[in-house]
Amino acid sequence: MTAEDLKRYSVRVGEGSGCFFQPMTNEYTYILTAKHLFSALQNGAEIDIFRHLKNEDGWSEELIPFTLELGVNYFPHSQADAAILKIDYLDGFKELFVKNEINENVGYQLCGFPSQNRDSAEGERYSPYRVERILASGNYCHMAQLFGTVNYDNVAGMSGGGFLKIETDHLSILGIQSRMATNAVQALGQIGFIPIKYYNQIIDANENAGALEKLLPAYLKSFSFFEDEIFSIITGPQEVIVSRRDKLTELLKVKASEIRDSDITPNYIKEHLSNRLLLLEQTNFELQKRGIWRMWLEFLTILNIAKNKAHSLADMPVVFEKVRMFFSDINQDFWTAHLMDLPKLDYSGLGPDGIVVVASNIPSVDREMEILDLSKITSNIAEARKQYAQTHFGHDIDVASEFPLEKYKFINISAFKERVVTELDEDFDNSLPNESLATLKRLYERFIPEW
């Protein structure tokens, strides 16, 4: 993502600004903006909304016709200076995720259309201002300090603009700009913004029940969004015959259609396991990323093969009692980065014969450690066990029966892919699909508890 994406997501709303957001649907798109822009308007008022379009020579602006209808396409917050506009679906705005936790002080930019630029050429009316730091909270708002000598004239017209940040493969939004906080701080470059939580409150309000989808990526509605991204099996050039690896990948992808066609969704898993999906230092923002849901689709497919069953939503409570998953969006070996974090995580609801599946963006570096073997780890485990005992029981005792690294089986998801592909032979190459699945069932059920 680049600065041009910040511009593409920013939208001119009447005399103010706004930010496109694609909620968990492909039926409509939101514009997040400020409520006070509409305070003098009545139902039926026509509002000029302009979006940016990139072309070979630069940028053009396109009018989005909008007639204000309270409760139909205009949804204000009862107290905060926040409003959601609901417009016809626009493709291309699925890379913006919300940040509910206000704990980052760098990297955000206020993006919008200051009044002083309104007479500029088409495509040159947009302006970003870098946020230096986040300040204290106010009433239904937070304060922020902009870099440089920014005053009221610079940011007039920016109301409704997004506090956006460029991430690696997406953007994040912290809030929406509101009025200048007070006359006393106008010359100091301090501005107010409305945190995203107030936009969630609009969606959850009783009067808006059923009218608005949550501020979550559309792909949390279905595993079908991940079918093209799963079961990339990474092996060394001499380890396996390429055709064997490709056959395994194709077979697993076909089998994944059972999950796609089931009633199991990423959002169901997210809602029911919540923080029990997160590693230390991770926030709910991580649950909007695609990696963890690719992993869930892969494992649910593997589970269908191991159990010879097409699981559905009704089976998930039992699955949750037997399986826990943790994903880290890093290009490092999971054990190297997070082994000492594992005893500190939340395993509530996981039965004593449960398994914990982990994954990062790369397979397990040590093929012999795809299944965690504490006997092969000589450092830190004793200290981790001691810390666990002191934390949970107040003194140092033998907690082998409760210490998570000994209570559960920990396995890297690469054991079901990179390890298994090396265990296949010519019989698999020449077998029919049902025979191939029977072979995989035998290999997978070694790692998965009975139930």
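For segment 267-291, name all the residues that are closer than 18 Å to Leu96 by Cα and in a helix (DSSP H, G or I).
Within segment 267-291, Asn267, Asn284, Phe285, Glu286, Leu287, Gln288, Arg290, Gly291 qualify.
Sort out which residues of segment 410-437 are open to solvent by 60 Å² or more (accessible area, probe 1.4 Å) and without any contact (Cβ under 8 Å) to a residue 40 or more places away in the chain, and write them in order of number.
Once the filter is applied, which keeps residues that are open to solvent by 60 Å² or more (accessible area, probe 1.4 Å) and without any contact (Cβ under 8 Å) to a residue 40 or more places away in the chain, segment 410-437 yields Glu423, Asp425, Glu426, Asp427, Asn430, Leu432, Asn434, Glu435.
Sort out which residues of segment 278-301 are among the β-branched types (Val, Ile, Thr) and either buried (at least 17 other Cβ atoms within 10 Å of the Cβ) or within 13 Å of Ile259 (Cα to Cα) (or both), and write them in order of number.
Ile292, Thr301
Taking the stated definitions as given, is Ile173 modelled with pLDDT of 95 or more and more than 20 Å from Ile49 (Cα to Cα)?
yes
Before we move on, is Arg260 under 15 Å from Glu229 (Cα atoms) and surrounded by 18 or more Cβ atoms within 10 Å (Cβ to Cβ)? Show your work before the answer.
Details: under 15 Å from Glu229 (Cα atoms): yes; surrounded by 18 or more Cβ atoms within 10 Å (Cβ to Cβ): no.
Spelling it out, it is not the case that Arg260 is under 15 Å from Glu229 (Cα atoms) and surrounded by 18 or more Cβ atoms within 10 Å (Cβ to Cβ).
List, please: which pairs have Cβ atoms under 7 Å, are six or more places apart or on different chains, and start with a residue in segment 74-99 that is assigned by the TED database to the domain that holds Thr25 and polar (S, T, N, Q) and end with one that is open to solvent by 30 Å² or more (accessible area, probe 1.4 Å) and modelled with pLDDT under 95?
Gln79/Tyr140
Take the residues in segment 78-110 that are under 16 Å from Ile134 (Cα atoms) and assigned to a strand (DSSP E or B), then tell me which one is nearest to the chain's Cα centre (by Cα).
If we take residues in segment 78-110 being under 16 Å from Ile134 (Cα atoms) and assigned to a strand (DSSP E or B), then Tyr108 is nearest to the chain's Cα centre (by Cα).
If you go through segment 279-303 one residue at a time, how many are closer than 26 Å to Glu445 by Cα and within 12 Å of the chain's Cα centre (by Cα)? Break it down stepwise before answering.
Filtering segment 279-303 down to residues closer than 26 Å to Glu445 by Cα leaves 291-303.
If we keep only those that are within 12 Å of the chain's Cα centre (by Cα) too, we end up with 291-294.
Here the count works out to 4.
Here is a list of conditions, (1) buried (at least 17 other Cβ atoms within 10 Å of the Cβ); (2) closer than 16 Å to Ser224 by Cα, and Tyr268 meets all of them except one; can you say which number that is?
Exception for Tyr268: condition (1).
Condition first: at pLDDT below 70, under 26 Å from Glu286 (Cβ atoms) and assigned by the TED database to the domain that holds Ala415. Can you find one or more residues in segment 372-383 that meet it?
Checking segment 372-383: at least one residue is at pLDDT below 70, under 26 Å from Glu286 (Cβ atoms) and assigned by the TED database to the domain that holds Ala415.
Which residues, counting only those in segment 305-342, are closer than 21 Å to Arg442 by Cα and touching a Lys or Arg at 6+ places or on another chain (Cβ under 7 Å)?
Passing the criteria: Ile305, Ala306, Asn308.
A quick yes/no check of all residues on (1) more than 19 Å from Pro433 (Cα to Cα); (2) outside the structural domain of Thr33 (by the TED database):
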| site | (1), (2) |
| --- | --- |
| Lys197 | yes, no |
| Asn200 | yes, no |
| Ile203 | yes, no |
| Ser222 | yes, yes |
| Glu229 | yes, yes |
| Thr235 | yes, yes |
| Val242 | no, yes |
| Ala256 | no, yes |
| Ile259 | no, yes |
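Testing Gly236 on (1) of a type outside the set (A, V, I, L, M); (2) at pLDDT below 90; (3) buried (at least 18 other Cβ atoms within 10 Å of the Cβ), one condition comes back false. Which one is that?
Unmet condition: (3).
Being among the small types (Gly, Ala, Ser) and open to solvent by 40 Å² or more (accessible area, probe 1.4 Å), is that true of even one residue in segment 13-22?
no
Kindly indicate which of Asn304, Asn275, Asn308 is modelled with pLDDT of 95 or more and either among the aliphatic types (A, V, I, L, M) or open to solvent by 60 Å² or more (accessible area, probe 1.4 Å) (or both).
On inspection, the qualifying residue turns out to be Asn308.
Counting only residues that are open to solvent by 50 Å² or more (accessible area, probe 1.4 Å) and in contact with a strand residue (DSSP E or B) (Cβ under 8 Å, 6 or more places away or on another chain), how many does segment 76-102 have?
5
Going through segment 44-64 one residue at a time, which ones are at pLDDT 95 or above and of a type in the set (Lys, Arg)?
Arg51
Given the criteria among the aliphatic types (A, V, I, L, M) and open to solvent by less than 60 Å² (accessible area, probe 1.4 Å), does Val72 qualify?
On the way: among the aliphatic types (A, V, I, L, M): yes; open to solvent by less than 60 Å² (accessible area, probe 1.4 Å): no.
When the stated conditions are applied, Val72 does not pass them.
Identify all residues within segment 405-451 that are assigned to a loop (DSSP other than H, G, I, E, B) and either closer than 20 Å to Phe320 by Cβ or modelled with pLDDT under 90 (or both); write none if there are none.
Selection gives Tyr408, Glu445, Phe447, Ile448, Pro449, Glu450, Trp451.
The values are calculated or read from the model by the stated rules, or taken from the named source; none is laboratory data. This one's a predicted model, so the numbers in the text were calculated from it and none came from an experiment. With ideal geometry, Cβ positions are generated from the backbone for all residues, glycine too; neighbour counts draw on all protein chains shown. Accessible surface areas use protein heavy atoms only, side chains included; no ligands, DNA or RNA. Shrake-Rupley method; radii C 1.70, N 1.55, O 1.52, S 1.80 Å.
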